[in-house]
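S.K.: Submitted below is the structure of interest, expressed as structure tokens.
The values are calculated or read from the model by the stated rules, or taken from the named source; none is laboratory data. Just so it is clear, the model here is predicted, and its values are computed rather than measured. Cβ: placed from backbone, ideal geometry, glycine included. Neighbour counts: every protein chain shown.
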Amino acid sequence: MASSNFLFPEGNSINRPPIFNGEGYHYWKSRMQIFIEAIDLNIWDAIENSPFIPTIVIGHEIKYLPKDQWSDDDRRKVQYDLKAKNIITSALGIDEYFIISNCKNAKEMWDTLKITHDGTNDVKRSRRNTLIHEYELFRMNQNESIQDMLKDSKNQTWHIDNGCSKHMTGDASKFINLTPKRSGHVTYGDNNKGKILGIGKIGTNFLTSIENVLLVDELKHSLLSVSQLCDKGFKCIINTKNDKNVKIIGFRVNNVYKIKLENNSNNSQCLMSKEDESWLWHKRIAHINMEHLNKLISKDLVIGLPKIKFEKNKLCDACQKGKQVKVSFKPKNIVTTSRPL
């Protein structure tokens, strides 16, 4: 009996939608369509097409009909979209639900899942190119076991010391979610350019992930940006094995950290001048108050503003001079002018 149950397991319930947790999207999509069509074809039409919105024609204008004026037929048609939303959300795990939680109707939910897990035409083409490239490199080395070869083929290594200003990869299959982008490119070290296909989140789940990763067409390696990690509150420290003393301090230029290697053998000490990043942004944004800068970060109102805490630990010379009030000239009792100016 045990072997019989293993060979012929029980079928799934016909009254509950199939659950989707991020794996086997095409299988889930096919089963989901059959499940919804079996309930009501009108519900599936609400997913394929845009939801029904009751309207009224006044003169030459089409306006939305107030809810209290809906007919019974209008309410029945609107209900199809609500039923579709209920079925879709009931079939998703927590990670997938967060992807579509801000969608307004069932069609938007369905299309968002399709773009995330299936991709646009550009994303599909990038995936095909990546698979072809991986197949060409898929070789077993001498004295290597099959397990070691398969382990290497699923390598999740990212290059850190690369000089890139943004996280980027050419492998679309690594994304938890992906938003397509229609424009933009990145410039490589040899001045060649790669087209940006999208931006999204990388990782095994939403707890261990990397945000704001660019999908770049035909990029062969996955690159990790140190500057973006620092903006999230991390530190990158390089020291020697023998001691913990800091040997070199880099400076940030356009989201890339650089160092200057100069010959200081004749000097007994190394002099360094480092601009405080918070005061640098204070000067860049018209000497705005530090509290206002913190508000701009908390509300994400300025693109490119680093996620750091702005503190007023000194006085700004330019701000002090701008606030000074000059004393006016004292009036004279004697007229010293001899002719009109």
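S.K.: Which of (1) part of a helix (DSSP H, G or I); (2) surrounded by fewer than 10 Cβ atoms within 10 Å (Cβ to Cβ) is the odd one out, the single condition residue 300 does not satisfy?
M.R.: (1)
S.K.: Is it true that some residue in the stretch 255-264 is modelled with pLDDT of 70 or more and either surrounded by 10 or more Cβ atoms within 10 Å (Cβ to Cβ) or in contact with a strand residue (DSSP E or B) (Cβ under 8 Å, 6 or more places away or on another chain) (or both)?
M.R.: Restricting attention to the stretch 255-264, the residues satisfying the condition of being modelled with pLDDT of 70 or more are none.
So far as the stretch 255-264 goes, no, none of its residues is modelled with pLDDT of 70 or more and either surrounded by 10 or more Cβ atoms within 10 Å (Cβ to Cβ) or in contact with a strand residue (DSSP E or B) (Cβ under 8 Å, 6 or more places away or on another chain) (or both).
S.K.: Oh, and also: Provide a single number: the residues in the stretch 45-90 that are among the charged types (D, E, K, R) and closer than 20 Å to residue 15 by Cβ.
M.R.: 2
S.K.: Still on this model: Determine if the stretch 111-118 includes at least one residue that is at pLDDT 75 or above, in contact with a strand residue (DSSP E or B) (Cβ under 7 Å, 6 or more places away or on another chain) and either under 30 Å from residue 39 (Cα atoms) or crowded, with 19+ Cβ neighbours inside 10 Å (or both).
M.R.: Yes - at least one qualifying residue is present in the stretch 111-118.
S.K.: Of the residues that make up the stretch 171-178, is at least one modelled with pLDDT of 75 or more, assigned to a loop (DSSP other than H, G, I, E, B) and surrounded by 13 or more Cβ atoms within 10 Å (Cβ to Cβ)?
M.R.: Yes, the conditions are met somewhere in the stretch 171-178.
Yes or no, residue by residue, for (1) modelled with pLDDT of 85 or more; (2) out of contact with any helix residue (DSSP H, G or I) (no Cβ under 9 Å at 6 or more places or on another chain); (3) surrounded by 12 or more Cβ atoms within 10 Å (Cβ to Cβ); (4) among the hydrophobic types (A, V, I, L, M, F, W, C):
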position: 33; (1), (2), (3), (4): yes, no, yes, no
position: 38; (1), (2), (3), (4): yes, yes, no, yes
position: 41; (1), (2), (3), (4): yes, yes, no, yes
position: 56; (1), (2), (3), (4): no, no, no, yes
position: 62; (1), (2), (3), (4): no, yes, no, yes
position: 70; (1), (2), (3), (4): yes, no, yes, yes
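S.K.: Six or more apart or on different chains, Cβ under 6 Å: which pairs go from a residue in the stretch 42-61 that's under 20 Å from residue 72 (Cα atoms) and assigned by TED's automatic domain parsing to the domain that holds residue 74 to one that's assigned to a helix (DSSP H, G or I) and hydrophobic (A, V, I, L, M, F, W, C)? Could you list them?
M.R.: These pairs meet every condition: 43/36; 43/84; 46/84; 46/106; 52/78.
S.K.: Quick one: in the stretch 209-242, which of the residues that are closer than 17 Å to residue 192 by Cα and over 16 Å from the mean Cα position of the chain (by Cα) is modelled with the highest pLDDT?
M.R.: It comes out as 217.
S.K.: So, one more: Taking only the stretch 62-91 into account, find how many residues are without any contact (Cβ under 8 Å) to a residue 24 or more places away in the chain and assigned to a loop (DSSP other than H, G, I, E, B).
M.R.: Residues meeting the conditions: 4.
S.K.: Yes or no: the stretch 308-316 includes at least one residue that is of a type in the set (A, V, I, L, M), over 23 Å from residue 249 (Cα atoms), surrounded by 10 or more Cβ atoms within 10 Å (Cβ to Cβ) and free of Cβ contacts under 8 Å to residues at least 24 places away in the same chain.
M.R.: No: zero hits.
S.K.: Looking at residue 104 and the list (1) assigned to a helix (DSSP H, G or I); (2) of a type in the set (Lys, Arg); (3) surrounded by fewer than 16 Cβ atoms within 10 Å (Cβ to Cβ), which single condition is not satisfied?
M.R.: (1)
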